Amino acid sequence: MSFTTRFLYLLGLGLVPMMLGGFVPRLFGVALAYDALLLGLAAYDYFGTIPRRGIEIERSCPHVLSLGVRQEVTLRIRNLSRRATRLLVKDSPPLQFQEVGREAALKLLPMTIAEHHYQVRPTFRGAFVFGDVFYRVNGALGLTRAQFRVPAPTEVKVYPNIKQLSQMELALAHASMLPGGLKLSRLLGEGTEFESLRDYVRDDDYRTIDWKATARRNRLTTREYETERNQRVVLVIDTGRLMGAKVGDFTKLDYAANAAALLAQIALLKGDLVGLLLFANHVVAYLPPDKGREQLGRIIEALHRAQAVRLESDYSLAFSFLARKNSRRTLMVCFTDLVDAEASRSLLSGMLYLRPRHLPLCVTISDSDLLAAQSQMPAEAAEAFRLVAAVELWEDYRNAVHLLERHGALTVNVPANALTAATINRYLEVKKRGLL
């Protein structure tokens with residue numbers, strides 16, 4: 001039981017005659033009688049007017065959520081009693097979620113149902129549990145309130161942004177463009193097997209023009225070729241210390257997991273076999289390349305569980321493991337982070353170990369803070385030192401990327417918000433050029 005502001009205000013009024021009782025003895029007795037009456041009314045208000053039963057609360061929310069995507073949660077409150085009731089309802093979403101509006105003040109007439117909607121936004125992947133729902137009821141006299149708990153544990157799983165998967169499938173079906181700049185205008189590649197003829201469009205390679213068909217149809221006509229299918233792609237994701245760094249609300253590993261999930265779907269839809277390797281100082285998980293929607297589900301499930309650890313990554317171990325497990329030529333897409341050329345020497349030697357049998361692609365997130373620091377004019381000595389440090393770090397970062405490129409590895413190095421589109425476009429370019 002707790003007392004309301006009204007009760008405390010009335011109790012304060014009763015202290016006035018009690019304080020004056022030293023001057024007028026009769027007032028002291030009046031004050032005691034007033035306080036006794038007030039306490040009696042409070043007891044009646046708490047035990048006689050607050051319903052202990054008749055309030056039912058149910059929570060409705062999806063059991064699978066997408067990282068960074070707002071999702072609606074609904075609380076359904078039923079008043080099965082014969083009294084009108086005022087409630088203050090408060091839900092308990094996981095602490096790792098951002099939430100808006102989890103509390104609501106409601107008035108329920110007898111035998112009615114009310115709903116309260118609020119939103120959550122997961123900022124971590126993994127399994128989480130919604131806690132119990134609490135509600136607070138004021139007595140009819142407004143002197144006391146009681147709080148009740150409704151057990152309602154609900155387990156939810158937060159996956160990489162799987163809502164984008166359906167968007168990607170729709171974009172492929174319509175050969176259109178996804179938000180974020182992903183260009184999917186060329187779903188057919190430059191393979192060796194003739195597929196069809198179509199009208200020439202701007203930016204087509206002039207070497208694909210079929211001059212005989214052009215003369216016959218009296219308009220420019222282009223040959224289309226099918227890209228090869230049943231090629232192998234392995235998504236290699238570093239879960240070591242560097243991937244735990246945050247960029248905005250999410251870690252670099254979160255961005256990598258989102259990009260990997262969408263790349264897996266694209267590759268599977270194009271008929272390739274897709275596998276997955278998670279590693280840090282040891283191999284965390286490995287899925288051999290396979291095809292089909294079941295394989296996509298296995299990949300999404302593994303990405304959902306992936307968490308960064310505070311350990312240095314062992315690239316040599318990971319790449320030697322991949323070389324043993326994959327004898328056929330494979331596109332190895334490695335999501336990792338680069339610090340400088342010296343610190344990335346292990347990554348470089350591991351990627352060179354994969355060549356020339358395999359085609360390595362190193363995907364990293366460029367540091368937007370370093371870029372922003374270089375564009376600021378220093379106003380004092382400390383800012384000048386920071387500017388010089390940012391320029392040197394960025395130069396080391398770029399040198400590490402160029403070092404990989406000079407030794408034959410493909411690279412993607414873009415800000416976090418462009419990672420998914422850039423990675424998939426790079427994969428499509430590999431398919432288009434027949435590099436596998």
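What follows draws every value from the coordinates through simple rules; no lab data is involved. Fair warning: this is a prediction, and the values are worked out from it, not measured in the lab. All Cβ positions, even for glycine, are placed from backbone atoms using ideal geometry, and neighbour counts span all protein chains on display.
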| In whole Å, what is the distance between the alpha-carbon centres of segment 308-368 and segment 77-98? | 51 Å
| message | What does the charge count around Arg219 come to, taking other residues whose C-beta lies under 12 Å from its C-beta (Lys +1, Arg +1, Asp -1, Glu -1)? | response | +1
| request: Once you've got the Cα coordinates, tell me which of Lys291/Lys431; Lys157/Lys431; Lys291/Lys325; Lys246/Lys325 are over 23 Å apart. | output: Lys157/Lys431; Lys246/Lys325
| Hull volume in cubic angstrom per residue (convex hull over the Cα atoms of segment 55-159) | 83 Å³
